[in-house]
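Worksheet: the structure to be examined is printed underneath.
The values are calculated or read from the model by the stated rules, or taken from the named source; none is laboratory data. Predicted model, so just to flag it, every value in this text is computed and none were measured. Backbone-built Cβ (ideal geometry, glycine too); neighbour counts: all protein chains shown. Heavy atoms of the whole protein, side chains included, go into the accessibility calculation; ligands, DNA and RNA do not. Shrake-Rupley method; radii C 1.70, N 1.55, O 1.52, S 1.80 Å.
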Amino acid sequence: MSEVASGEVVRSEAVSSEVPAIRLQDVGRDFRRPRRSLTQAPPVVHAVRGVTLDIERGERFGIVGESGSGKSTLLRMICGLDRPTSGSIEVEGRPIHNQPAARLGWLRHTLQLVFQDPMSSLDPRMRVRDIVAEPLVAQGQGSGAARRARVVELLEAVGLSADSADRYPHQFSGGQRQRISVARALAPGPDILVADEPVSALDVSVRAQVLNLIDDVVDGFDLTLVFVSHDLSVVRHVCDRVAVMRQGEFVEVAPTEQLYADPRHPYTQQLVSAIPDLHAALDGRAAADLARAVRERSPDA
Amino acid sequence: MSTAATGAAGAGRRAGDEPVLDVRGLHVRTRHTELLSDVDLTIRRGERVGLIGESGSGKSLTALAVLGLLGEGLTATGGVHLAGHEGNLLERSEGGLARIRGDDMAMVFQEPMTALNPTMRVGAQVAEAMTVHGSASRSQARRRAVDLLDQVGLPDPEHAARAYPHQLSGGQRQRVVAAIALANDPVLLVCDEPTTALDVTVQALVLDLIVTGVQSRDAALLFITHDLAVVATVCERVLVMYGGRIVEAGPVGQVFTDPRHQYTAGLLAASDLTAAGARRERSALPTIPGTVPPAGRFPDGCVFRNRCPAATGQCATRPPWTPRGDHGAGETASGYACFYPAGGELR
Ligand SMILES: Nc1ncnc2c1ncn2[C@@H]1O[C@H](COP(=O)(O)OP(=O)(O)O)[C@@H](O)[C@H]1O
Ligand SMILES: Nc1ncnc2c1ncn2[C@@H]1O[C@H](COP(=O)(O)OP(=O)(O)O)[C@@H](O)[C@H]1O
Ligand code: SF4
Ligand SMILES: [Mg+2]
Ligand SMILES: [Mg+2]
């Protein structure tokens, strides 16, 4: 996988390049549903089951799956926002699965998260300057003046003008708000960027702008990217390697082009053949063809 | 079996090649703002027409105006004509429109629960749709409801008929809504983002059911989506909307491979993630600068001119409609409104 080579650039403070950015070993997460009767045990949802994976430094790793397949649950655990009920998670060689939140301060420098809906993840009462500086303040990084300079630098890096700093989130369009969340994520100088459906709420023309931005920052800041989407076409565009998730499990992990050209697992085959594609449609692939492929390739059939 | 119920009426109203839906010079306004301007659209029977554009371009308002479902504070002017119904639907009373909706003209929206009664069993809702509009007796309707649920691909339709909406998945609910929409063999089906909230495998099945449903009834379909690949999969003809206006129209193959309006060209380029260059060399995707303005803030003249790379001073006046080729559904069915059309080089 030659694409990955660029990520193996040695960093001055870095952990050895042998250590993967993220290592998941047999990770599981069960949720208990509210008890429905006094005599039966409460039902358990196995949101994530037996996920084992190394994500190498500099890799652009994608996770696709339909809604409810466990993508967000897995990401939350990778970000230290939730703990697995089984298995272990290491980020740059350091365990995070068994640590209390108070001991994961370092993780905020290393790994940052961008969500789908920038409106719900940006505090409407805060000015953009304070939103972007928040991770720096939280970690006591830099003086006030240094932080102000850093905010301007970050806004410019994501294509917003310096005077955006004085405005509030509602004064921006959806795409611009997503730029603000990327600027905030970059503030502490992370090595890893984790994005959960970052373009799913955006219009096509704006989606292209944000995908280009993610591409630029991943390249420009030498980041490892973990990118989650239900949209296989977007993941195909962004990622080097893709995991397909179904009912909490990884059913297939493969380099992107291989996954799309030669899917092995019946579920991957079903997903790939269900995607409407403009070029294929113009060549005559109709709704009936997509539906037939879905029925024929059902993994439960 | 449904032909018995509608055959007689159908033969009369569907005769000839006159359009099923004919919208002329449709305007929709609030007290202060014009939201839709001069929308023309014609759909003939059996024809599947897509309406595309980014959010805020006026697609849903177009659907609502056609269906007579515009909210308080909005007024529509112009003409909306439906085959088999005399006169302008915009001038009908709500009572008159309600009878046409669900009978000759039916709809499927993004969120199925808006169309379903949460406290009523699914089968009864489908049956009610048929009896209210008088196409079947009560007991006939019950039996046909189960048949229809079977036709739209619900596993175990007998069981599904007895379920309440919340006991079904999102995809199953949308099929129930489609079953209700198709129950009276409408001449026009309007779908507004019917699969946007669904997973891709479920989407494939629902799209198939919509296409099969309109094809077997020879009905006209107006299909709204922001997803170009979906519209290319479902429709034969497409209308591109921006700033409350139709800026381009034509056969899908023509508009999507050889667009003329600069907005269409930009939209296509920005959405094409599978273009070889964009993927393998990871070159930047083409983008349209800026974002869709809020209603009332589109420039006068060409609505796209503040984002258009080809704009000149001339674009401050309204570009006229340039018909393209000779389309059976009339000159608004294929053409564009642009002074400096893109052409050829995008092929
Ligand atoms: N906090 C929670 N409590 C109970 N169940 C949950 C919780 N979070 C997620 N789940 C369940 O776990 C499964 C996976 O959800 P999620 O990770 O959000 O999927 P995805 O992001 O792929 O759509 C779903 O069945 C969901 O209902
Ligand atoms: N009832 C209303 N009052 C005022 N503005 C409205 C109303 N309904 C829709 N709009 C505005 O009209 C424009 C077009 O809306 P809509 O038809 O929903 O767009 P689309 O479906 O293409 O996303 C948007 O800017 C929207 O905010
Ligand atoms: S009329 Fe002018 S501004 Fe409008 S799309 Fe054509 S070139 Fe651009
Ligand atoms: Mg999720
Ligand atoms: Mg809409």
Checklist outcome for this item: Residue hits (segment A:206-228; more than 7 Å from chain B (Cβ to nearest Cβ) and under 18 Å from B:L285 (Cα atoms)) are A:R207, A:V210, A:L213, A:I214, A:D216, A:V217, A:V218, A:D219, A:G220, A:F227
Checklist entry - Considering segment B:269-285 alone, what residues qualify as being modelled with pLDDT of 85 or more and either buried (at least 22 other Cβ atoms within 10 Å of the Cβ) or at the interface with chain A (Cβ under 7 Å from one of its Cβ atoms) (or both)? => result B:A270, B:S271, B:D272, B:L273, B:A284, B:L285
Item to check | Set A:D191, A:D215, A:D222, A:D166: member being charged (D, E, K, R), away from ligand 5 (no atom under 16 Å from the Cβ) and touching a strand residue (DSSP E or B) at 6+ places or on another chain (Cβ under 8 Å) | outcome: A:D191
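Please find, within segment B:221-242, the residue that is surrounded by the fewest Cβ atoms within 10 Å (Cβ to Cβ) out of those that are at the interface with another protein chain (Cβ under 8 Å from one of its Cβ atoms) and in contact with a helix residue (DSSP H, G or I) (Cβ under 6 Å, 6 or more places away or on another chain).
Start the filter on segment B:221-242 by keeping residues that are at the interface with another protein chain (Cβ under 8 Å from one of its Cβ atoms), which leaves B:226-230, B:232-234.
Right, trim to in contact with a helix residue (DSSP H, G or I) (Cβ under 6 Å, 6 or more places away or on another chain) and you get B:228-229, B:232-234.
Values: B:L228: 25, B:A229: 23, B:A232: 26, B:T233: 29, B:V234: 28.
Ranking the candidates gives B:A229 first.
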Checklist entry - Looking at A:S205, A:S181, A:S164, which is the one that is touching a residue at least 24 places away in the same chain (Cβ under 8 Å) and closer than 23 Å to A:G62 by Cβ? => result A:S181
Checklist entry - Across segment B:304-322, what is the number of residues that are buried (at least 18 other Cβ atoms within 10 Å of the Cβ) and either within 16 Å of ligand 2 (Cβ to nearest atom) or within 14 Å of another protein chain (Cβ to nearest Cβ) (or both)? => result 3
Next on the checklist: Among (1) touching a helix residue (DSSP H, G or I) at 6+ places or on another chain (Cβ under 8 Å); (2) more than 16 Å from ligand 5 (Cβ to nearest atom); (3) at pLDDT 95 or above; (4) within 30 Å of B:L207 (Cα to Cα), there is one condition B:A310 misses while meeting the rest; what is its number?
Outcome noted: (4)
Checklist entry - Could we say that A:R103 is more than 16 Å from ligand 5 (Cβ to nearest atom), surrounded by 14 or more Cβ atoms within 10 Å (Cβ to Cβ) and among the basic types (K, R) here? => result no
Item to check | In segment A:141-171, the residues that are among the polar types (S, T, N, Q) and more than 21 Å from A:R125 (Cβ to Cβ) | outcome: A:Q141, A:S143, A:S161
Next on the checklist: Considering only residues that are within 16 Å of ligand 1 (Cβ to nearest atom), among the small types (G, A, S) and surrounded by fewer than 22 Cβ atoms within 10 Å (Cβ to Cβ), which ones fall in segment A:172-210?
Outcome noted: A:S200, A:A201
Checklist entry - Hey, any hits in segment A:230-249 for a residue that's more than 12 Å from chain B (Cβ to nearest Cβ), in contact (Cβ under 8 Å) with a residue 60 or more places away in the chain and acidic (D, E)? => result yes
Checklist outcome for this item: All conditions in (1) out of contact with any helix residue (DSSP H, G or I) (no Cβ under 8 Å at 6 or more places or on another chain); (2) open to solvent by less than 10 Å² (accessible area, probe 1.4 Å) are true of B:V252 except (1)
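Test B:G46 against the criterion of being farther than 25 Å from B:R99 by Cβ and either in the same structural domain as B:F256 (by TED's automatic domain parsing) or not in a helix (DSSP H, G or I) (or both), and give yes or no.
Numbers: farther than 25 Å from B:R99 by Cβ: no; either in the same structural domain as B:F256 (by TED's automatic domain parsing) or not in a helix (DSSP H, G or I) (or both): yes.
Criteria not met by B:G46.
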Checklist entry - Which of the residues that make up segment A:235-269 are of a type in the set (A, V, I, L, M, F, W, C) and under 23 Å from A:S298 (Cα atoms)? => result A:V235, A:V242, A:A243, A:V244, A:M245, A:F250, A:V251, A:V253, A:A254, A:L259, A:A261
Checklist entry - Could you list, in sequence order, the residues of segment B:323-347 that are open to solvent by 50 Å² or more (accessible area, probe 1.4 Å), outside the structural domain of B:V247 (by TED's automatic domain parsing) and more than 8 Å from ligand 3 (Cβ to nearest atom)? => result B:E345, B:L346, B:R347
Checklist entry - Which of the residues spanning segment A:222-237 are modelled with pLDDT under 95, more than 13 Å from ligand 4 (Cβ to nearest atom) and open to solvent by 10 Å² or more (accessible area, probe 1.4 Å)? => result A:S233, A:R236, A:H237
Next on the checklist: Can you go through B:L41, B:L74 and tell me which one is among the hydrophobic types (A, V, I, L, M, F, W, C) and buried (at least 19 other Cβ atoms within 10 Å of the Cβ)?
Outcome noted: B:L41
Next on the checklist: Looking only at segment A:257-284, how many residues end up being without any contact (Cβ under 8 Å) to a residue 40 or more places away in the chain and within 7 Å of another protein chain (Cβ to nearest Cβ)?
Outcome noted: 7
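So that you can scan it fast, the table gives a plain yes or no per residue for (1) open to solvent by 20 Å² or more (accessible area, probe 1.4 Å); (2) within 11 Å of chain A (Cβ to nearest Cβ); (3) in contact (Cβ under 8 Å) with a residue 24 or more places away in the chain; (4) within 21 Å of B:P118 (Cβ to Cβ):
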| residue | (1), (2), (3), (4) |
| --- | --- |
| B:R143 | yes, no, no, no |
| B:L148 | no, no, yes, yes |
| B:R162 | yes, no, yes, yes |
| B:L189 | no, no, yes, no |
| B:T195 | no, yes, yes, no |
| B:L198 | yes, yes, yes, yes |
| B:V206 | no, yes, yes, yes |
| B:A219 | no, no, yes, no |
Checklist outcome for this item: Here the residues within segment B:205-226 that are in a helix (DSSP H, G or I) and not basic (K, R) are B:L205, B:V206, B:L207, B:D208, B:L209, B:I210, B:V211, B:T212, B:G213, B:V214, B:Q215, B:S216
